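Below: the structure, in structure tokens.
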Amino acid sequence: MSERPVRHPGELRWETRLLGVVTAILVVFGIACTYGAASLVTLRGENAGMDFMARHGIKGVIGGGSADGGALPRVIHAYRDALARTGRETALGTDLSIGFHFYMAKTQEQGMREAAGYFEENLKMFGPLRLVRALTDQQIEAMADPTKAPYAGLPTIEGAVKGGAFLCGPAEQIIEQIMKLEEAYPGLERINVAHPVGTPQNIILEQLQQFAEEVMPAFTNRVTETVVGD
């Protein structure tokens, strides 16, 4: 059995190098975008990726599920610091779009029961690609073994909901959570919502329709009060 190569301190993973190359190509061709899943090219505490984005005006997308394990505030603060290093003083959340997985139901408990299988399939897809930062190498290996997986302490939908990475429950509960996000990150102007990979198309369409009808009006139908000075 061949041994896994030793990675020296400060050495970037091949995924990080590839993401950097892809980002550079997109910038050269005038496409300002980034795959912001878990890392934003910040593995091992290095901010080279964020500095590159800030210098070239690339707005970041934090992919659905990245809030899990406290990654969300770390990334948002780090990106604001990167903007500051270019001379821009901004509010937290500026030039970012935060992504969430979501599932609407009459109660949060019902939603978690119905979405648990999709959450697990999503984990099986993205865990081995190292796009779930909360997973250790041992957990990734255990995922492939059905006898070890149940005892490996893998992320659960209950933990994701509690940690804020997964919006789940009735409309009023989801609206409240998004409003708390606004308060925490005043520079944030966009979020994006999606479903875990493997969710059936008919459920995705039903859920998006419900989100559009019951959640979005709380943010799109606001009245801005204009105060006229004396």
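The values are calculated or read from the model by the stated rules, or taken from the named source; none is laboratory data. Only a predicted model underlies this, so the values are computations on that prediction, with no experimental measurement involved. Virtual Cβ from ideal backbone geometry, glycine too; neighbours counted across all protein chains shown.
So here's what we get for this one:
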| quantity | calculated |
| --- | --- |
| Selection from the range 176-203 of residues that are farther than 22 Å from A91 by Cα and free of Cβ contacts under 8 Å to residues at least 60 places away in the same chain | P200, Q201, N202, I203 |
| Single residue of Q138, Q108 found to be loosely packed, with under 15 Cβ neighbours inside 10 Å and at pLDDT 90 or above | Q138 |
| Residues of the range 91-105 classified as of a type in the set (A, V, I, L, M, F, W, C), closer than 16 Å to I204 by Cβ and crowded, with 20+ Cβ neighbours inside 10 Å, total | 3 |
| Single match in N192, N122 (criterion: out of contact with any Gly (no Cβ under 6 Å at 6 or more places or on another chain) and surrounded by 12 or more Cβ atoms within 10 Å (Cβ to Cβ)) | N122 |
| Test set (1) at pLDDT 85 or above; (2) of a type in the set (D, E, K, R); (3) more than 15 Å from H101 (Cβ to Cβ) - E121 fails condition number | (3) |
| Candidates E141, E109, filtered to the one that is of a type outside the set (A, V, I, L, M, F, W, C), in contact with a Lys or Arg (Cβ under 9 Å, 6 or more places away or on another chain) and either free of Cβ contacts under 8 Å to residues at least 40 places away in the same chain or assigned to a helix (DSSP H, G or I) (or both) | E141 |
| Close pairs from the range 206-220: first under 12 Å from V193 (Cβ atoms), partner surrounded by 14 or more Cβ atoms within 10 Å (Cβ to Cβ) and at pLDDT below 95, Cβ under 7 Å, at least 6 apart | Q207/H195; F211/V193 |
| Output for the range 163-180, where each listed residue is assigned to a helix (DSSP H, G or I) and either modelled with pLDDT under 90 or at positive phi (or both) | G163 |
